[in-house]
1. Every residue in the stretch 68-122 that is β-branched (Val, Ile, Thr) and open to solvent by less than 50 Å² (accessible area, probe 1.4 Å), please.
2. Report every pair of residues separated by at least 6 positions or lying on different chains whose Cβ atoms are under 9 Å apart, first residue within the stretch 123-138 and open to solvent by 40 Å² or more (accessible area, probe 1.4 Å), second within 11 Å of the ligand (Cβ to nearest atom) and of a type in the set (Val, Ile, Thr).
3. With the condition kept exactly as written, say whether any residue in the stretch 64-78 is in a helix (DSSP H, G or I), within 16 Å of the ligand (Cβ to nearest atom) and at pLDDT 95 or above.
4. Among strands (runs of 3 or more DSSP E) lying entirely in the stretch 161-268, which contain 1 or more residues that are farther than 30 Å from Ser76 by Cα, open to solvent by less than 80 Å² (accessible area, probe 1.4 Å) and more than 16 Å from the ligand (Cβ to nearest atom)?
5. Exactly one condition in (1) more than 10 Å from the ligand (Cβ to nearest atom); (2) touching a helix residue (DSSP H, G or I) at 6+ places or on another chain (Cβ under 8 Å) is false for Trp94; which is it?
6. Name the pairs: first residue in the stretch 310-329 and within 16 Å of Pro298 (Cα to Cα), second residue of a type in the set (Val, Ile, Thr) and assigned to a helix (DSSP H, G or I), Cβ to Cβ under 9 Å, at least 6 apart or on different chains?
7. Got a sec? Which strands (runs of 3 or more DSSP E) wholly within the stretch 1-63 have at least 2 residues that are open to solvent by less than 30 Å² (accessible area, probe 1.4 Å) and more than 18 Å from Leu301 (Cβ to Cβ)?
8. For the stretch 296-305, what are the residues that are at pLDDT 95 or above and surrounded by fewer than 18 Cβ atoms within 10 Å (Cβ to Cβ)?
Amino acid sequence: MKIQENISLSAYNTFGINKKARFLCEAESREDVLYAFNQSRILNKPLFVLGGGSNILLLEDLDAVVLKINIQGIDSIREDGEQVILKVGAGVVWHDLVRYSIEMGLSGLENLSLIPGTVGAAPMQNIGAYGVEIKSVFDHLEAMEIPSGKLRVFTGKDCRFGYRESIFKNKLKGKYIITHVAFRLNKKHQPNINYGDIRLTLKEMGNAYPSPVNISEAVVKIRQQKLPDPKELGNAGSFFKNPTIPLFDFNQLKNQYPEIPGYPVEDNRVKIPAAWLIDTAGWKGKRCGAIGVHEKQPLVLVNYGGGTGTDILELSGKIQADILGKFGIQLEREVNTISSENLIQL
Ligand SMILES: Cc1cc2nc3c(=O)[nH]c(=O)nc-3n(C[C@H](O)[C@H](O)[C@H](O)COP(=O)(O)OP(=O)(O)OC[C@H]3O[C@@H](n4cnc5c(N)ncnc54)[C@H](O)[C@@H]3O)c2cc1C
């Protein structure tokens, strides 16, 4: 496996932040991952695991071995009359998997069309969109323990999936590298079109009885209209999670802001769209030099070019403080901030 030195990571993160990796290597197999562990020890540099770089904010140069996971392959490993289990390499591009599954006539991933990034990173935050999260199609994953390289299989229960959460972001942070993920997909289509604008878009497209292809096309259309393409404008999708607050607090806020949207979730709590809070606080479209808040989708912070991770982090801090002051709600970041503190020591 080739190791490159002093490489700019600007093409390796969707914010387009120009920070360097002291060493960069791309793993096509588990053997390559073991080799990178070894290099990290020999070079006495910590490790950073990278997928598509679509959910990270680089704050500084990484004096580390950056290990880009490129493990490929999509294999059907089990099948019955109703379902197929696809085992997928962690380096497969997520949307390529979605397209492949649809071409195979399988259903389950269509609502998750066009989410950037790799398959291996998808369980990290239990990616979700348009009413579906991967936990609903997840079968198991295989991961290598750091630094032993020992292989471990995780079931859905082991992963402790939650809203943009899993055990890999919490208790097991920096402890495993995900090498393969297996998904349980349906041969018979069970459309899930109750969320957001999907139904309306399908109607406009003339699809009364939508197939997975139709749903995927509708989702792609909606996403292209709403979200900036990182190839044109640096961003990492939603910068904050949608907060949940107790029903009592929600009702208090509703007295002050009768139009505040909210969706009941478990434990007598209500989920509020962070985009509404940021928009109502007047941040939508605000530009601060090279960075800003997207003009159509206030949940997305953008880099117009030349912005730094620190600039973006500072802006996010100002937004958090303002939302806390105005609504008494603490916004939590969804994007992973990366600095020397997050590197894995072997
Ligand atoms: C325009 C846009 C739209 C988006 N829309 C959505 C959306 O609708 N829903 C959603 O959930 N997300 C969304 N995202 C966020 C992002 O696409 C997902 O979080 C995606 O899963 C990140 O994948 P990645 O490969 O780019 O991960 P990276 O950004 O490379 O890594 C993310 C984290 O996972 C770790 N990691 C990566 N690969 C592995 C591995 N194999 N093993 C162990 N750790 C690993 C990294 O160290 C890092 O901490 C969006 C992003 C953008 C830019």
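1. Quick first cut of the stretch 68-122, residues β-branched (Val, Ile, Thr) only: 69, 71, 74, 77, 84-85, 88, 92-93, 98, 102, 115, 118-119.
Residues satisfying the conditions are Ile69, Ile71, Ile74, Val84, Ile85, Val88, Val92, Val98, Ile102, Ile115, Thr118, Val119.
2. Going by the 9 Å Cβ cut-off, the qualifying pairs are Met124/Ile178; Glu133/Ile127.
3. Of the residues in the stretch 64-78, the ones in a helix (DSSP H, G or I) are none.
No.
4. On the way: elements: 176-186, 234-238, 244-246, 263-265.
Because the criterion is at least 1 residues that are farther than 30 Å from Ser76 by Cα, open to solvent by less than 80 Å² (accessible area, probe 1.4 Å) and more than 16 Å from the ligand (Cβ to nearest atom), the strands (runs of 3 or more DSSP E) in the stretch 161-268 that meet it are 244-246, 263-265.
5. Of everything listed in (1) more than 10 Å from the ligand (Cβ to nearest atom); (2) touching a helix residue (DSSP H, G or I) at 6+ places or on another chain (Cβ under 8 Å), Trp94 misses just condition (1).
6. These pairs meet every condition: Ile319/Ile278; Asp322/Ile278; Ile323/Ile278.
7. Numbers: elements: 3-8, 20-27, 47-50, 56-58.
The strands (runs of 3 or more DSSP E) meeting that bar are 20-27, 47-50.
8. Of everything in the stretch 296-305, those that are at pLDDT 95 or above and surrounded by fewer than 18 Cβ atoms within 10 Å (Cβ to Cβ) turn out to be Tyr304, Gly305.
The values are calculated or read from the model by the stated rules, or taken from the named source; none is laboratory data. Every value quoted in this text rests on a predicted model; they were computed, and no experiment measured them. Positions of Cβ are backbone-derived with ideal geometry, glycine not excepted, and every protein chain shown enters the neighbour counts. Heavy atoms of the whole protein, side chains included, go into the accessibility calculation; ligands, DNA and RNA do not. Shrake-Rupley method; radii C 1.70, N 1.55, O 1.52, S 1.80 Å.
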